[in-house]
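Below is one structure; the comments refer to it alone.
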There are 4 protein chains.
Amino acid sequence: MKLKVVATLVYRFDHETPVIVAIEPARSPDQTIVSEQLLIDQPAELIRDLDADTGMRRFRGVLSGQVSIQYQGTIDNGTRRLLHADARQHAWAELPAEVLPYLLPSRFCPSDNLMRFAQREFSDIEAGGAKVLAVVDWLQEHVDYIHGVSNAQTTAEQTFIDRAGVCRDFSHLAIALCRALNLPARAVSVYAADLAPPDFHAVFEVYLDGQWWLVDPTRLAPVDGMVRIAAGRDAADIAFLTSGNFCQCLNQWVEVSRMEDSEPAQAA
Amino acid sequence: MKLKVVATLVYRFDHETPVIVAIEPARSPDQTIVSEQLLIDQPAELIRDLDADTGMRRFRGVLSGQVSIQYQGTIDNGTRRLLHADARQHAWAELPAEVLPYLLPSRFCPSDNLMRFAQREFSDIEAGGAKVLAVVDWLQEHVDYIHGVSNAQTTAEQTFIDRAGVCRDFSHLAIALCRALNLPARAVSVYAADLAPPDFHAVFEVYLDGQWWLVDPTRLAPVDGMVRIAAGRDAADIAFLTSGNFCQCLNQWVEVSRMEDSEPAQAA
Amino acid sequence: MKLKVVATLVYRFDHETPVIVAIEPARSPDQTIVSEQLLIDQPAELIRDLDADTGMRRFRGVLSGQVSIQYQGTIDNGTRRLLHADARQHAWAELPAEVLPYLLPSRFCPSDNLMRFAQREFSDIEAGGAKVLAVVDWLQEHVDYIHGVSNAQTTAEQTFIDRAGVCRDFSHLAIALCRALNLPARAVSVYAADLAPPDFHAVFEVYLDGQWWLVDPTRLAPVDGMVRIAAGRDAADIAFLTSGNFCQCLNQWVEVSRMEDSEPAQAA
Amino acid sequence: MKLKVVATLVYRFDHETPVIVAIEPARSPDQTIVSEQLLIDQPAELIRDLDADTGMRRFRGVLSGQVSIQYQGTIDNGTRRLLHADARQHAWAELPAEVLPYLLPSRFCPSDNLMRFAQREFSDIEAGGAKVLAVVDWLQEHVDYIHGVSNAQTTAEQTFIDRAGVCRDFSHLAIALCRALNLPARAVSVYAADLAPPDFHAVFEVYLDGQWWLVDPTRLAPVDGMVRIAAGRDAADIAFLTSGNFCQCLNQWVEVSRMEDSEPAQAA
């Protein structure tokens, strides 16, 4: 499926501030970037990084004053397979070495502390895809999607207590529970069609059967309408903008639209 | 300098448990492994991983019951340069991409929360090596080296409040303060000669002037007597043993001794 | 000095909800209530409580739907003495029993964890009033008054890390540091003249020389223009409104004005 | 039932240190102190406090060096009624004013954060005693009694995550859940017959049907064999020993034995 994405960030920087920005879709095997453009309304020399493991792209620069950063692109995300109950769980010994970090607790996903709960709650479920689907079912049943309960510092532990949060919190708790069950899991930022209201979206993916599978634990947007941006251990790794000094987000907009099959010109 | 290391871990696993073990010295440019041996008193099929970025070695296996793991090795750690005040701080744009993750907050080093303090306390110090040395001086003056105040869950924030901790806590707080000052910093586990009592030791390193510099914020052991084991964002990444189920450490011993220059036979 | 206070709270309760409200000035020796009126735009049977120790008044009732609660009063707060450096610190053995709870750590003022810092930082200062004034000086120098860094869950520990907060945070950290120095201290909510913008204000008081002394660690409002409302261990005890179910604060206004001495009619 | 209690605390104080000690049984309507003796192996002038609300007794003094404090007593705890499912829950408006503080969140029992969980989990259970018994059943089913997971800083939130703890943790979580359900609940320290191994024990009580009811959420000791010591919001209020400086507990022993009815001499 082809998707058109327009994302705009407006920030204010009181001083000359180094930033790292991750809003460009990843160069990963599950999607093709048909065309794209990055616009910054201020002259800035940019360094561009590509992460070999995840395909995540980031650019670095030094910004000051009020700055608008816009990404526009057309992405073909192919045909994404939905996680199914039979997807096989690997023994640790079988995992590729680059997958191992996603077994470990991280700042917002302190999975070690949730081990006792996870093992008690999910031990009866068959290993693999079924266990991950059970984790998502549990989230749907026990956690409310509510704005205002959590913030950018909220951990999976706090969401486990609060029983409420937004997409970031649902993903963090899903990741923490998966890792507590010895399943490699990581945070993924995406552009998602059909999300209302449109916004950056946080989901997660698990490694089963030799591949990563995208899952939306909020069930607010279909996986086949998602464009992958960045992947990492948790939200700390995949921030849209990381800055070396205090800064203020003045505004951000995201538009994602599915493109008609009858638009061959743009895909050419 | 040549150093002889013997490290022994004894663990109990109630069930068949997957583990990842990082006790072998890193294959890094600053040290040469002259000879070594890994002994496990239980038949175990091991997978061996080598991290391209840090040279960290880990092995994976499945263990059960009471198990003793012993590493013996002779390592030549060459001539390590001590961090000096003039080591130049890089702009973010100059950093190698693989260094960027060490600018970010992590679980035990939530540097974002300490930004205001760090900038207020250290803004008058010149950038680069001088700033790192000022951070270590601050730790020496404001934090007591005391056992029993902290535990394996203690973060740099808690140590900043408690004003007390052990080597792991000193390193975490040093790392958090460096990152809050836009300096890439990471946790390093080492074998250290002259440490009393002998034990695994936690230090940190900063990236300045195009290289990583080892620093011991506790000042309990000289950097030139250290053998590097693992490096990562914080203690979560460089645990000696990560297990997929509850387990119990029954005992651990470490011996590190400087070898006489008059022992050429062993180095041959 | 005579002060006129008008305070209005507007809340929404989705269900019939029991509430405890503390917005009426305390009946304490340091102030006289000249005249007052409580208005609730909904018929509600109220229970009225008076705390013998602090003079704090609270009313209880069951509310539902959108409710406006208004307090209007004229209060004469006499002549409040300002804390001076020579105010004598009591040994624990000399303290009245009802003062003892204010030596203990509490939810937002976990003074036990700050003991090491407090003793290191303030040990050279003479005991008593001078020590409290040194704590307030330290806050002025090391903590920024900034909105948006803290929230209703923020503890004195977090403010000690963040080095930023609002009146509630300044008071919590001041209280925690005083208790860590064996000085009884408690949180006080007040109406404050000359506060810009007008709002409920949080300050603290310490027990020295046989009496409680009001102190504003933010230095945003003069102590002689304050009307005392409630006192307790920390913000949890002196909330304007405690509810037995989720509710939403739609709005709140506070007006406090100094009355001319030439207005004898109103005081009659 | 008559119970004989011997409790011994041995502490070391490096400096002259003010302390508050709560190891004497409460003077409460549900128990009679037949005979008792307090022994301190160091001359110390003691101040004695009696809390009018809870009957809790405490003594204050200044101690230094190594000190042994021993309490010996014979207590008749009458016939304690066990909490039953029909005990009626009061509306907030009906509660005595002195019970209100036990509705509020406190340091180790932050009930506000557990409101969503508590209401979701226990909303179907009838109000009153049945709800409290359901909370205790839930604890028995979902939390493991294990030493070493928690420490003196552990909150009910952490125990809710860890799903493991000791008597103090069980009580804190039970209290937090009760308060989240609008039930007044408080922490109680007791001497308990039949506890193995003998030790100080932490339980809780709820206010229903016009009285406080003792409940042991660990189910490790029978309520009719308990001697009440102190009651408060949580463990911070009922510590055996609160000190104004760092100190070290060297040892503590507790012996509690049921006395034969055929021992009238001792009760005389």
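Simple spin-label model, 7 Å along Cα-to-Cβ: C:HIS142 to A:ASP76 in nm?
Inter-label distance under the simple model: 6.1 nm.
Label point 7 Å out from A:ASP86 along Cα-to-Cβ: which residues of the range A:119-151 have amide N under 17 Å?
A:126-133
Springs between alpha-carbon pairs under 10 angstrom, Gaussian network model over chain B: which of B:GLY165, B:GLY244, B:GLY128 fluctuates most?
B:GLY244
Just to confirm the numbers: B:PHE246, label point 7 angstrom along the Cα-Cβ line, distances to the other copies in nm, shortest first?
Between copies, matching label points for B:PHE246 lie 3.2, 3.4, 4.5 nm apart.
Picking from B:LEU104, B:VAL206, B:ALA164, whose Cα lies most toward the positive end of the charge dipole for the range B:92-232 (charges on Cβ: Lys, Arg +1; Asp, Glu -1)?
B:LEU104
Just tell me how shielded B:106-116 is by partners: mean number of partner chain Cβ atoms within 10 Å of each residue's Cβ, no decimals.
On the way: counts 6, 11, 2, 1, 4, 0, 5, 6, 3, 5, 10.
The shielding value for this peptide is 5.
Given the rule -39500 (n - 2.57) for each run of at least 4 DSSP H residues, summed and divided by the residues of chain C, what is its mean residue ellipticity at 222 nm, to the nearest 500 deg cm²/dmol?
Details: 5 runs with 47 residues, N = 268.
It lands at -5000 deg cm²/dmol.
If the elastic network links every pair of Cα atoms under 10 Å, which of D:CYS178, D:CYS249, D:CYS109 fluctuates the most in the Gaussian network model of chain D?
D:CYS249
Quantify how strongly other chains surround peptide B:176-183 by giving the mean number of their Cβ atoms within 10 Å of each of its Cβ atoms. Walk me through the numbers before you get to the answer.
Numbers: counts 0, 0, 0, 1, 1, 1, 5, 0.
What the average comes to for B:176-183 is 1.
Given axes a ≥ b ≥ c from the Cα gyration tensor, I'd like to know whether the range D:92-232 is rounded (a/c under 1.5), prolate (a/b larger than b/c) or oblate.
oblate
Please arrange B:HIS15, A:HIS142 by counting, for each residue, the other beta carbons lying within 10 Å of its beta carbon, fewest first.
Result, fewest neighbours first: B:HIS15, A:HIS142.
Which of these, A:GLY148, A:GLY61, A:GLY129, has the largest mean-square fluctuation under a Gaussian network model of chain A (Cα springs below 10 Å)?
It is A:GLY148.
Work out, in µm²/s and without decimals, the Stokes-Einstein translational diffusion coefficient of the protein assembly as shown at 20 °C, 1.002 mPa s, Rh from Kirkwood over C-alpha pairs. Walk me through the numbers before you get to the answer.
Numbers: Rh = 31.9 Å.
Roughly 67 µm²/s, to the nearest whole number.
Given a Förster distance of 56 Å, report the FRET efficiency between B:ALA93 and C:GLU260 from their Cβ-Cβ distance, rounded to the nearest 0.05.
Numbers: r = 63 Å, r/R0 = 1.13.
That pair, B:ALA93 with C:GLU260, gives E of 0.30.
Please report which chain A residue places its beta carbon nearest the axis carrying chain A onto chain B, with the distance rounded to a whole angstrom.
A:ARG107, 2
Please report, ordered by residue number, every helix of chain D (full DSSP H runs) that is 18 Å or longer along its axis going by C-alpha atoms and whose mean Kyte-Doolittle hydropathy reaches -1.0.
Membrane-span-like by this criterion, though nothing is claimed about a membrane: D:129-142, D:167-180.
Compute the semi-axes of the equivalent ellipsoid of chain A, taking the square root of 5 times each eigenvalue of the Cα gyration tensor, and list them largest first in whole Å. Each step should come with its number before you reach the end.
Numbers: eigenvalues 190, 97, 60 Å².
Ellipsoid half-lengths, sorted descending, are 31, 22, 17 Å.
Compute the label-point distances linking A:GLY78 to its equivalents in the other copies; points lie 7 Å from Cα along Cα→Cβ; give nm, one decimal, shortest first.
Result for A:GLY78, in nm, nearest copy first: 4.1, 7.6, 8.0.
Copy-to-copy spacing for C:SER257, label 7 Å out on the Cα-to-C-beta vector, in nm, shortest first?
Between copies, matching label points for C:SER257 lie 5.6, 7.7, 8.7 nm apart.
Average partner chain C-beta neighbours within 10 Å, per residue of A:89-96?
On the way: counts 0, 0, 5, 11, 9, 2, 4, 1.
Counting Cβ atoms of other protein chains within 10 Å of each residue's Cβ and averaging gives 4.
Label-point separation (nm) for A:LEU133 and C:ARG12, each offset 7 Å from Cα along Cα-to-Cβ?
3.9 nm
Each reported figure results from applying straightforward, stated rules to the coordinates on display, with no laboratory input. The shown structure was predicted, so the numbers you read here are calculated from the model rather than taken from an experiment. Using ideal geometry, Cβ is built from the backbone for each residue, glycine included, and neighbour counts are taken over all protein chains shown.
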